[in-house]
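Data first, discussion second: the structure below is written as structure tokens.
The values are calculated or read from the model by the stated rules, or taken from the named source; none is laboratory data. Everything numeric here is computed off the predicted structure, so don't read it as measured data. Here the Cβ positions follow ideal geometry from the backbone for every residue, glycine too, while neighbour counts run over all protein chains shown. All accessible areas refer to the heavy atoms of the entire protein, side chains included, with ligands and DNA or RNA removed. Shrake-Rupley method; radii C 1.70, N 1.55, O 1.52, S 1.80 Å.
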Amino acid sequence: MSKFKRYTVTAALPYANGPLHIGHLAGCYLPADIYVRYLRSNGELVKFICGSDEHGVPITIKAKKEGTTPQKVVDKYHKIMGDAFDEFGISFDIYARTSSKIHHKTATEFFNTLYQKGVFKEEITEQYFDEKANQFLADRYIVGTCPKCANENAYGDQCESCGSTLNATDLINPKSTFSGEKPILKKTKNWFLPLDTLQPQIDAYIDSHKEWKTNVLGQCKSWLSSGLQPRAMTRDLDWGVKVPIEGVEGKVLYVWFDAPIGYISATKEFFNTSKEINNTNEGDGANLISNLKPHEKEEWELYWKDKETKLVHFIGKDNIVFHCIIFPAMLMAEGSYILPEAVPANEFLNLEGNKISTSRNWAVWLHEYLLEFTNKQDALRYTLCANAPETKDNDFTWKDFQAKNNNELVAILGNFINRTLVLTHKYYDGKVPEALEFIKADILLLKELSKFPEKISSSIKQYRFREALAELMNLARLGNKFLADNEPWIIIKTDKNRVQTIMNLSLQIVANLTILMEPFLPFTSKKLATMINLNNNLKWNDATRTDLLLPGHQINPSSLLFEKVEDEIIDSQILKLNNSKIDNQSEINKSNILLNKNEDASPIVINFKNEAKADISFDDFNKMDIRVGTILEAERVPKTDKLMKLLIDTGIDKRTVVSGIAAYYKPEEIIGQKVSILVNLAPRKIKNIESQGMILMAENSNGELCFVEPSKLNINNGASIK
RNA sequence: UGCGGGGUGGAGCAGUUGGUAGCUCGUUGGGCUCAUAACCCAAAGGUCAUCGGUUCGAGUCCGGUCCCCGCUACCA
């Protein structure tokens, strides 16, 4: 079938600081599971590896915030995530965790190997340190002014305005996002992976994979073309895998060094565990391989170091460079490992038109879905696969979920199976009739039928799961058409022999569907196999057969495989989402901090609005020259949402001020408006207009603005405010 | 404002290396009644955002313009 003898398939380690939502499933775990189930169905040797990613700064922050320990945080989410995967039928061979002993050991050894080979560049650098929080600051937790484009909210690792990759020390006027304080520079030693010197090898590696998806290649190439930089593989932090160098304290491995090694340690753990299982019982089939291999001790290595193993990483688009560049670089530097053969990264799934957000509770949580839609895992699997963000971001809507469930799963697939089984019970008491004479239509049907396994295979192998699923549905459509064209319920009155053949063939289609749907709809497949009493050891290639159900074979009583989802259910889900939108509005003023490793930066709020800012001296206050003024002219600044250009009479002069009030006031309404104006604020160009001062505005919790003006009319322009 | 992704029949999408424009849903008409008012057939409906270029031929390649979405920016 291919040049590979076995497969190591990994799915991105989810970060253990929150539960899982549909975006996780659609983007990564579901396609991976479909792929793996397909491989198993083909009899391939495959290990499907995943686990919780439990280190890194955000978890320590969450623990601090909740007044608990990082270990308790990860214990909680490891359980929640593991259960959710299990209940959705994501068929990992192992779901491990990076806080485990074996992981720490593996990561430590990996680091040591590189260390002893002299791979790392050791460098003492000055890192920012937040004295108030008593910790070094990861780049992401420092904001400041970008040296390249003057954006004042650039992060320490990257300026999102101009896209440049930065070092935190490049930032002008840095601030800690924990305390808002200016951090101090402190010397610290770290170990860098020299991506720059490894670049030629990485270039060659990426070049050898022209077949990768365009989104993946595009991102890799943009990294490579701008030149790779050495990247620190250690961090100053307590939570994580300790840097295994003598005399080094308070340092751990960088979470992106540690996490992909989690795939390796999980594989080891799988083989260790299955050895124990095999000692106590016969194994359940999944572990058969371990029984057969003589070199049990090194079994895991076959999955990581043998050229005949195909390593495939399923990830979301946010992980591309780590899996395509940094992890391969680590593996190259180590020397004994194979490299990823494919990295089918998906884009993101949106929900009802908005980006899914953990912190804003804009999500369909898997654990909640399981409670609200019992035994409907396959309905969600179906919708998410049919709508998977394979080539671009896609949108999940509840209406679409309902439509796909009702019009496709129920009406096409479920209905075909149901009418076939009902007729079989009705005419033959559930015994498979013998096919007698084939007419032309039957031959055509059989010919069509035989094409499906290959068609679906081909799509899956190219990671085109939407297409594969559509083909599966086409087989059910073929079945419906066959029944409609041949009308056994009419012919039964005139030609009983013909009906036998029709029903036999329809039943063979049902049996084929059972096999072919398994990667996509495993729960339904299992249910259906029981219903038609089908041997469950059948493999993918058996799906070309037309004798899966032999004449006289007794099928069991049938029941419906899918049920309709009614409007009220959908309405209540939409309502629930709207409520969380409303909740967000009231939450928005509470302090918030970046909690998700990869989440967008918007939740960061540096000014904790409900708390007073730090004390200042009277002198500090006295530096400000605030006056009463009057607006003489006002006009919108073109091509902006919020900006208004104002001409102000300050009593001392007339000056131009640009102010962000356009959302709340119309220019003509505010001519003559008395305002408070800070007149000695350094001028600044905004949209190429020099703004010479700042209008003071009061802002309520909804972000609405209003002017601050003197309460007596005889206070004239130029009156000072103190 | 910059970056990214898009603009294909009412809706959501597919269109691989340029060669008669497809799919699912919806609509309309018909058939069937075994089936969860499900299924099957047929029809209507698109100058593939727009302008220009390359070509024997462009949804597909090149350039310009407009519009939409996401992120980002502007609030001094």
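Checking the structure you have, find out if any residue of segment A:392-407 is more than 6 Å from RNA strand B (Cβ to nearest atom), assigned to a helix (DSSP H, G or I), at pLDDT 90 or above and among the acidic types (Asp, Glu).
no
Search segment A:420-430 for residues being part of a helix (DSSP H, G or I) and surrounded by 17 or more Cβ atoms within 10 Å (Cβ to Cβ), and hand back the single one that is farthest from RNA strand B (Cβ to nearest atom). Give the steps one after another, and end with the answer.
Restricting attention to segment A:420-430, the residues satisfying the condition of being part of a helix (DSSP H, G or I) are A:420-428.
If we keep only those that are surrounded by 17 or more Cβ atoms within 10 Å (Cβ to Cβ) as well, we get A:420-421, A:423-424, A:427-428.
Working: A:Thr420: 7, A:Leu421: 9, A:Leu423: 5, A:Thr424: 9, A:Tyr427: 9, A:Tyr428: 13 Å.
That would be A:Tyr428.
How about segment A:54-73: which of its residues are part of a helix (DSSP H, G or I) and touching a helix residue (DSSP H, G or I) at 6+ places or on another chain (Cβ under 6 Å)?
Pass one, segment A:54-73, residues part of a helix (DSSP H, G or I): A:57-66, A:70-73.
Listed by number, the residues that qualify are A:Ile59, A:Thr60, A:Lys62, A:Ala63, A:Pro70, A:Val73.
Filter segment A:645-682 down to the residues that are within 10 Å of RNA strand B (Cβ to nearest atom) and at positive phi and list them by number.
Within segment A:645-682, no residue meets the criteria.
Residues A:Leu475, A:Leu384: which one is crowded, with 21+ Cβ neighbours inside 10 Å, modelled with pLDDT under 95 and within 13 Å of RNA strand B (Cβ to nearest atom)? Don't jump to the end; show me each part of the working.
On the way: A:Leu384 fails: within 13 Å of RNA strand B (Cβ to nearest atom).
Residue meeting the stated conditions: A:Leu475.
What number of residues within segment A:163-202 satisfy the criterion of being in a strand (DSSP E or B) and at pLDDT below 70?
So in segment A:163-202, the residues in a strand (DSSP E or B) come out as A:165, A:172-176, A:184-193.
From what's left, at pLDDT below 70: A:165.
Qualifying residue count for the region: 1.
Restricting to segment A:478-498, name every residue that is near RNA strand B (Cβ under 9 Å from one of its atoms) and open to solvent by less than 30 Å² (accessible area, probe 1.4 Å).
Correct list: A:Gly479, A:Asn480, A:Phe482, A:Leu483, A:Pro488.
Tell me, which residue of segment A:484-502 that is of a type outside the set (Lys, Arg) and in contact with a helix residue (DSSP H, G or I) (Cβ under 6 Å, 6 or more places away or on another chain) is nearest to A:Val422 (Cα to Cα)?
As a first pass, look at segment A:484-502 and keep what is of a type outside the set (Lys, Arg): A:484-492, A:494-495, A:497, A:499-502.
From what is left, the residues that are in contact with a helix residue (DSSP H, G or I) (Cβ under 6 Å, 6 or more places away or on another chain) are A:486, A:488, A:491-492, A:499, A:502.
Working: A:Asn486: 16, A:Pro488: 12, A:Ile491: 16, A:Ile492: 14, A:Val499: 14, A:Ile502: 14 Å.
Per the stated criteria, the residue is A:Pro488.
Need the failing condition index for A:Phe621 against (1) at pLDDT 65 or above; (2) not assigned by TED's automatic domain parsing to the domain that holds A:Gln692, just the number.
Result: A:Phe621 fails condition (2) only.
Which condition from (1) under 17 Å from the mean Cα position of the chain (by Cα); (2) not assigned by TED's automatic domain parsing to the domain that holds A:Leu311 is the one that A:Ile22 breaks?
Of the numbered conditions (1) under 17 Å from the mean Cα position of the chain (by Cα); (2) not assigned by TED's automatic domain parsing to the domain that holds A:Leu311, the odd one out for A:Ile22 is (2).
Quick one: what pairs do we get from segment A:226-245, first residue touching a residue at least 12 places away in the same chain (Cβ under 8 Å), second open to solvent by less than 50 Å² (accessible area, probe 1.4 Å) and acidic (Asp, Glu), C-beta under 7 Å, 6+ apart or different chains?
A:Gly240/A:Asp258; A:Val241/A:Asp258
Does segment A:347-377 hold any residues that are part of a strand (DSSP E or B) and open to solvent by 50 Å² or more (accessible area, probe 1.4 Å), and which are they?
Filtering segment A:347-377 down to residues part of a strand (DSSP E or B) leaves A:349-351, A:354-355, A:357, A:362, A:365.
Result: A:Asn354, A:Lys355.
Do we find a residue being more than 14 Å from RNA strand B (Cβ to nearest atom), farther than 22 Å from A:Pro519 by Cα and buried (at least 20 other Cβ atoms within 10 Å of the Cβ) anywhere in segment A:439-460? Show your work before the answer.
Initial filter on segment A:439-460 (more than 14 Å from RNA strand B (Cβ to nearest atom)): A:439-440, A:442-443, A:446-447, A:449-454, A:456-457, A:460.
Next, from what is left, pick out any that are farther than 22 Å from A:Pro519 by Cα: A:439-440, A:442-443, A:446-447.
Subsequent filtering for residues that are buried (at least 20 other Cβ atoms within 10 Å of the Cβ) retains none.
So far as segment A:439-460 goes, no, none of its residues is more than 14 Å from RNA strand B (Cβ to nearest atom), farther than 22 Å from A:Pro519 by Cα and buried (at least 20 other Cβ atoms within 10 Å of the Cβ).
In this structure, is A:Gly43 touching a His at 6+ places or on another chain (Cβ under 9 Å) and either among the small types (Gly, Ala, Ser) or not in a loop (DSSP other than H, G, I, E, B) (or both)? So that I can check it myself, show each step before the final result.
On the way: touching a His at 6+ places or on another chain (Cβ under 9 Å): no; either among the small types (Gly, Ala, Ser) or not in a loop (DSSP other than H, G, I, E, B) (or both): yes.
No, not satisfied.
From A:Lys539, A:Lys564, A:Lys581, which residue is among the basic types (Lys, Arg), at pLDDT 90 or above and more than 30 Å from A:Asn42 (Cβ to Cβ)?
Numbers: A:Lys539 fails: more than 30 Å from A:Asn42 (Cβ to Cβ); A:Lys581 fails: at pLDDT 90 or above.
The conditions single out A:Lys564.
Counting residues that are within 30 Å of the chain's Cα centre (by Cα), which helices (runs of 4 or more DSSP H) fully inside segment A:472-577 reach at least 1?
A:496-517, A:522-531
Would you check which residues across segment A:71-103 are more than 22 Å from the chain's Cα centre (by Cα) and crowded, with 24+ Cβ neighbours inside 10 Å and list them? First the steps, then the outcome.
Within segment A:71-103, the subset more than 22 Å from the chain's Cα centre (by Cα) is A:71-72, A:100-103.
Scanning segment A:71-103 gives a single hit, A:His103.
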